[in-house]
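Heads up: the structure comes next, in structure tokens.
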Amino acid sequence: MKALLRRDLMLAFRAGGGFGLGLAFFLIVTVLVPFGVGPNAELLSRIAPGILWLGALLACLLSLDRLLALDWEDGTLDLLATSPLPPEAGLSIKALAHWISTGLPLVLAAPVLGVLLNLPAAGYGWLVLSLFLGTPALSVIGTFGAALTVGVKRGGLLLSLLVLPLYVPTLIFGAEAARRGATGMDPTTPLLMLAGITAGVIAIMPFASAAALRVNLR
């Protein structure tokens, strides 16, 4: 498991994986929003939590098509399927590597980009906390979508269509927690819901991903 995690992280950071691509996309979305909605500081402050959460979600989605496709092409998935490591554990490690290389940098970059959207000072901590709780769910759900579409030619669009509806609850509660924190309201309820979604996804999705992968490898 350690060797697989180390391999996936090396590929992500050295071979143009999701690390730089996700951060660049997140930056572009954040920079372009003020041009689209205007320079109204009050409006930007009000929509900043939702825009930052949406940008992080789309940045995570951007690198999902590479999660298993390269391993499918070079035969690595066949080796993993016949190794002593259970598929559920292997896919969990791949989801963890995706989060470390994509989700965690987005969490760390969010406060810096929040300055561009005039995010209220009270909202920075809650934004980081909500992203830290929610982005692991995005990676695990994305791994499930990648397992469903592995081997499908040009499956990136299909992957997006499958995964986006599953991302909606995480987006709703994550953005709501950040919004409540930014406006001085109590964000406890949406944070607990977000943590519950992430815990449930981590507990269930690896088994669903492994089942989908077994079907595609037959």
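The values are calculated or read from the model by the stated rules, or taken from the named source; none is laboratory data. Bear in mind that the values here come from a model prediction, so they are computed numbers and not experimental data. Note that each Cβ is placed from the backbone with ideal geometry, even for glycine, and that neighbours are counted across all protein chains shown. Heavy atoms of the whole protein, side chains included, go into the accessibility calculation; ligands, DNA and RNA do not. Shrake-Rupley method; radii C 1.70, N 1.55, O 1.52, S 1.80 Å.
Some notes on this structure:
- Nitroxide proxy distance, nm - points 7 Å out along Cα→Cβ at Phe35 and Met1: 4.5
- Length added when fully stretched, Leu116-Leu217, from 0.36 nm per residue minus Cα-Cα: 31.8 nm
- Every pair of different Cα atoms in the chain enters the Kirkwood calculation, which places the hydrodynamic radius at 17.6 Å.
- Spin-label model, Met185/Ala199: points 7 Å from Cα along the beta carbon direction are separated by 2.4 nm.
- A 1.4 Å probe run over the chain, with the rest of the protein chains in place, finds 48 Å² accessible per residue.
- Note on Ile172 and Thr82: their simple-model spin labels are 4.6 nm apart, each label 7 Å out from Cα toward Cβ.
- Heavy-atom surface analysis with a 1.4 Å probe gives the chain a carbon and sulfur content of 72 percent of its accessible area.
- Cβ-based net charge around Trp72, under 13 Å, with every Lys or Arg adding one and every Asp or Glu removing one: -2
- Top of Ser160, Ser83, Ser101 by mean-square fluctuation, Gaussian network on the chain, Cα under 10 Å: Ser83
- One decimal place: the segment Leu58-Leu108 gains 16.4 nm when fully extended, by the rule 0.36 nm per residue minus the C-alpha distance.
- Taking every DSSP helix (H) stretch of at least 4 residues in the chain, weighting each as -39,500 (n - 2.57) and dividing the sum by the residue count yields a mean residue ellipticity at 222 nm of -27000 deg cm²/dmol.
- When both the range 164-216 and the range 80-111 are represented by their alpha-carbon centers, they are found 16 Å apart.
- Zone residues, the range 72-102, relative to Phe207, backbone N less than 15 Å from point 7 Å out along Cα-to-Cβ: 87-89, 92
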